[in-house]
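Novice: Structure in structure tokens, see below.
The values are calculated or read from the model by the stated rules, or taken from the named source; none is laboratory data. Since this is a predicted model, take the numbers as computed values, not measurements. Cβ placement follows ideal geometry from the backbone for every residue including glycine, while neighbour counts extend to all protein chains displayed.
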Amino acid sequence: MQLRVYAIIDRMQPQYAAITGTVARGDVPLPGMAQLYLEVAPGSSVFSLLDAGLKSADVAPAFAIMEREFGQIEIHGERVDEVREAGRAMLGAGGFFEGDRLRPEVVSEYVISNVGPHQAQLINRDRHGALLISGQSLFVMEVEPAGYVVLAANAAERDVGVDLITFDPVGRYGRLYLAGDQSSVTAARDAALAAIEEDARR
């Protein structure tokens, strides 16, 4: 097995938690909760790992996904120490150490100023969060492995008042879309990049 992503969020922000809730197949996370996002290969290993995590601590899963190449698990709880304990149990069940995880890397990132109405409508068709309004600035980021995009999304909302349009932590690349006025989007971009860089160094 390969540990691709091991990412802990101490406190989920309101928009971030709400978007996660729109795709939850199990328990719906709430703002302020702690979260662990884990990605492994092969994908079928999510079931034994999740079993170990749920039996070890007071946490609940939003989803356990087995997709084409990888498997993803999201668990959350009221207390970060419980989430960390569940994480340790899952690492142990997989024979992993946290240091075995892959480090996050930003694949692409850019800001589009004054988004046009046609492009805004196209992006809005696939959103799970706020509407992108024409005239706003838009920040788009791609991260590899995909799951680490959760760190960027939560940090961008926490540090700056922006609209989270959507984020997708499943697949080859994780993608984040956020919008607002130019100065807010620039600050959110900096916060998102800093979150990925900080996690890559730890």
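Novice: Assuming Ala191 fulfils every condition listed in (1) closer than 16 Å to Tyr16 by Cα; (2) within 13 Å of the chain's Cα centre (by Cα) apart from one, which condition is it?
Specialist: (2)
Novice: Considering only region 152-166, state which residues are surrounded by fewer than 24 Cβ atoms within 10 Å (Cβ to Cβ), among the hydrophobic types (A, V, I, L, M, F, W, C) and modelled with pLDDT of 95 or more.
Specialist: Ala155
Novice: Among (1) assigned to a helix (DSSP H, G or I); (2) in contact (Cβ under 8 Å) with a residue 40 or more places away in the chain; (3) assigned by TED's automatic domain parsing to the domain that holds Gln136; (4) not aromatic (Phe, Trp, Tyr), there is one condition Thr20 misses while meeting the rest; what is its number?
Specialist: Tallying (1) assigned to a helix (DSSP H, G or I); (2) in contact (Cβ under 8 Å) with a residue 40 or more places away in the chain; (3) assigned by TED's automatic domain parsing to the domain that holds Gln136; (4) not aromatic (Phe, Trp, Tyr), Thr20 fails exactly one: (3).
Novice: Let me ask another. Of the residues in region 136-151, how many are surrounded by 21 or more Cβ atoms within 10 Å (Cβ to Cβ), under 15 Å from Glu105 (Cα atoms) and of a type outside the set (Val, Ile, Thr)?
Specialist: Qualifying residue count, region 136-151: 6.
Novice: Can I ask one more? Looking at region 96-126 only, could you name the residues that are surrounded by 12 or more Cβ atoms within 10 Å (Cβ to Cβ) and among the aromatic types (Phe, Trp, Tyr)?
Specialist: Within region 96-126, Phe96 is the sole residue that qualifies.
Novice: A further question follows. Which residue is farthest from Val28 (Cα to Cα), if the candidates are limited to region 45-95 and must be part of a loop (DSSP other than H, G, I, E, B) and touching an Asp or Glu at 6+ places or on another chain (Cβ under 7 Å)?
Specialist: Applying the filter and picking the extreme gives Phe70.
Novice: Hey, another quick one. Would you say Ile19 is touching a Ser or Thr at 6+ places or on another chain (Cβ under 7 Å), of a type in the set (A, V, I, L, M, F, W, C) and closer than 18 Å to Phe167 by Cβ?
Specialist: Considered against the rule, which asks whether it is touching a Ser or Thr at 6+ places or on another chain (Cβ under 7 Å), of a type in the set (A, V, I, L, M, F, W, C) and closer than 18 Å to Phe167 by Cβ, Ile19 comes out as yes.
Novice: May I pose another question? Can you work out which of the residues in region 132-154 that are more than 19 Å from the chain's Cα centre (by Cα) and not polar (S, T, N, Q) is nearest to His76 (Cα to Cα)?
Specialist: Leu132
Novice: From the list Gly174, Gly161, which residue is under 12 Å from the mean Cα position of the chain (by Cα), free of Cβ contacts under 8 Å to residues at least 40 places away in the same chain and not assigned by TED's automatic domain parsing to the domain that holds Ala34?
Specialist: Just one listed residue meets the conditions, Gly174.
Novice: Return the only residue of Asn124, Asn114 being at positive phi and not assigned by TED's automatic domain parsing to the domain that holds Tyr16.
Specialist: Unique residue meeting the criteria: Asn114.
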